[in-house]
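For reference, the structure discussed in these notes is given below.
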Amino acid sequence: MNFRIYNNGQDFLIEAEDFIKNKEALNNLIYSLAESNLSVSSGNDKPPLFFSIKDDNQVRMGAVMTPPYRLVIYAEGINDELFKFAIHNIMENRIELPGVLGPNDCAVNFLKSGNKRVQDHIRSQ
């Protein structure tokens, strides 16, 4: 699997737009935030975060966060291995999350995939 952080919404959409648009009603917030083309160099204290995870050359997960708001995630299906990989990379990149937002089964299982330390780090609300 490949975890990739993007510098702006446009770069994120180049990679993940088909995946996001596949379930557009569920991903309207992710799509809108990325389409607004916020960039890491926008001068904010905490810049926006755009990332995707690809496996077998297919996007499996997309996520956007505009601090101080929660990480908005989408992944098709419940995939514990994918969520653990995402959490590992979030921790490795020292990304602070105020919480997670997404389709209920996706967000809940994302949080359950982490150990206690991760769940403390990602304060779900």
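Mind checking which residues of segment 47-59 are charged (D, E, K, R) and either outside any strand (DSSP E or B) or crowded, with 22+ Cβ neighbours inside 10 Å (or both)?
D56
What residue, among those in segment 97-111 that are assigned to a loop (DSSP other than H, G, I, E, B) and modelled with pLDDT of 90 or more, is surrounded by the fewest Cβ atoms within 10 Å (Cβ to Cβ)?
P103
So, of the residues in segment 74-95 that are in contact (Cβ under 8 Å) with a residue 40 or more places away in the chain and surrounded by 15 or more Cβ atoms within 10 Å (Cβ to Cβ), which turns out to be farthest from F51 (Cα to Cα)?
Here the residue is E76.
Might you check whether a residue that is part of a loop (DSSP other than H, G, I, E, B) and farther than 17 Å from S113 by Cα occurs anywhere in segment 72-92?
Checked against the condition, which is being part of a loop (DSSP other than H, G, I, E, B) and farther than 17 Å from S113 by Cα, segment 72-92 yields no hits at all.
The values are calculated or read from the model by the stated rules, or taken from the named source; none is laboratory data. What you see is a predicted model, and the numbers here were worked out from it, not measured in a lab. Glycine gets a Cβ as well: all are built from the backbone with ideal geometry, and neighbour counts include every protein chain shown.
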